[in-house]
1. Considering only DSSP beta bridges where both residues belong to the chain, give the percentage that are antiparallel (nearest 5).
2. Go through 54-66, 128-140 and give me the packing order, highest mean Cβ count within 10 Å leading.
3. From the residues 10, 134, 245, which one has its Cα farthest along the dipole of the chain in the positive direction, the dipole being from +1 and -1 charges on Cβ of Lys/Arg and Asp/Glu about the Cα centre?
4. In vacuo Debye scattering of region 187-273, one point per C-alpha: log10 I(q)/I(0) at q = 0.17 Å⁻¹?
5. Taking the Cα centre of region 125-276 as origin and charging only Cβ (+1 Lys, Arg; -1 Asp, Glu), how large is the dipole, in debye to the nearest 20?
6. What three numbers, in Å, describe the spread of the alpha carbons of region 125-276 along their principal axes, ordered from the longest?
7. Show that you can apply the helix-only estimate: for the chain, add -39,500 (n - 2.57) for every DSSP H stretch of four or more residues, divide by all residues, and state [θ] at 222 nm to the nearest 500.
8. Using alpha-carbon pairs under 8 Å, 6+ residues apart, how would you state the relative contact order of the chain in percent?
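Read-outs: derived from the displayed coordinates by stated rules, not from any lab. Since we're looking at a predicted model, the values are computed, not measured. Here the Cβ positions follow ideal geometry from the backbone for every residue, glycine too, while neighbour counts run over all protein chains shown.
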Amino acid sequence: MARLVGGVEAGGTKFVCAVGTGPDDVRAEARFPTTTPAETLGHVVAFFSEQAARAPLAALGVASFGPIDLDPRSTTFGSVTTTPKPGWRHVELVAPLRRALGLRVAFDTDVNAAALAEHRWGAAQDVSSAVYVTVGSGIGGGIVMNGRPVHGLVHPEMGHQRLPRDPARDPFTGVCPHHGDCWEGLASGPALTARWGQAPDALPDAHPAWELEADYLALGLANVILVLSPERLVLGGGVMTRASLWPMVRTKLPAVLAGYVSSPALGEGIESYLVPPALGDRAGVLGAMALALTSAS
C-alpha cells in the first residue's frame, strides 16, 4: 500500500497543501495566500495537524520558491535565502514544520519538485533525464537526472542566465532586480507587462510581443540543451498557456541550435520533445508529495 504523505507548494503568492499518495489519490487540499511567514506557516501547520489526526502521515515534502538553502551541512539549511519577496528573506521553512508536526521533511525548489512530479507521473515518465521550465511570474528550471533532482553549489537558477539582446530591436533593459536583462528579466510575465504596458493575457496573438518572446525562449532553451542535454523539455507556467506561442518556439529552437545538436528530437520529433506539463498547475504540489514519498521509501 502506498504511504500517505503531505505536500506543500510554497509559492511567492500562494501556498498549496495536499495529502495523498499521488495524482489519482489526493485526499485533502487547501490553498491560501502567502502573507507573513508566521501567518502562512501557521496555516500549513493547522492543515497538516488536522489531516494527521485523521490518518498518520509518513513524511512531508516542501517545494519552495527561492533561492533556498539545500545543503544539509549548512546552519541555514531549509531556509529561503536571498529572495526579493518582502519579509521572507532568511526565513526557516523546514525546522518549524518539523518541530510542529513531528515529521520528516523533504525540501527542494518548486521547479525541481515539478520536474520530479512530471518524471514520476507526467510528461517525462518515459525518459531518464528531463528539465522542467516554468515561464510565469518568473522563469525557473528544475532538472531530474536518473530519477533524482539535481543540486550542486546551490540549485539550478536557469531563469538568470544571460541572453544576447539587440538594443536596436529591443531597447527594454529588463525587470530583474539583480541582472536586468537575464532570461527572467526579458521573458517572464512581468517583463512582458513592463515592456508592452499590458498584461500578457491582454496581448492579441498577432502582437509583436509573441515573436520576441519566442526568440528569447528559444535562446534560453538552446542553452539548457547545450549544457544539460535533457531527453525531454517540459514548459509550464502562465505565459506558456498562450497556444500560439508553442509552434513559434518549436520552430525557433532548432534554428538557434543551427544543426549543431544532431537528434530527431529537434526535428520531426520536436512536438514530443518540447511539451507542456501533463500535470498542469498541479505539478508543484504533486512534486512536493513526490519528494515526501522518496524520503519515506
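1. Working: 27 of 43 bridges.
Once the DSSP bridges in the chain are tallied, antiparallel ones form about 65 percent.
2. Working: 54-66: 21.8, 128-140: 24.3.
In decreasing order of mean packing, 54-66, 128-140 become 128-140, 54-66.
3. 10
4. The calculated log intensity ratios at q = 0.17 Å⁻¹ are -0.70.
5. Numbers: 9 positive and 14 negative charges, 42 e Å.
That gives a dipole near 200 debye.
6. Principal axes ranked by extent give 42, 36, 26 Å for the Cα atoms.
7. On the way: 9 runs with 103 residues, N = 297.
Estimated from H runs of four or more residues: -10500 deg cm²/dmol.
8. 22
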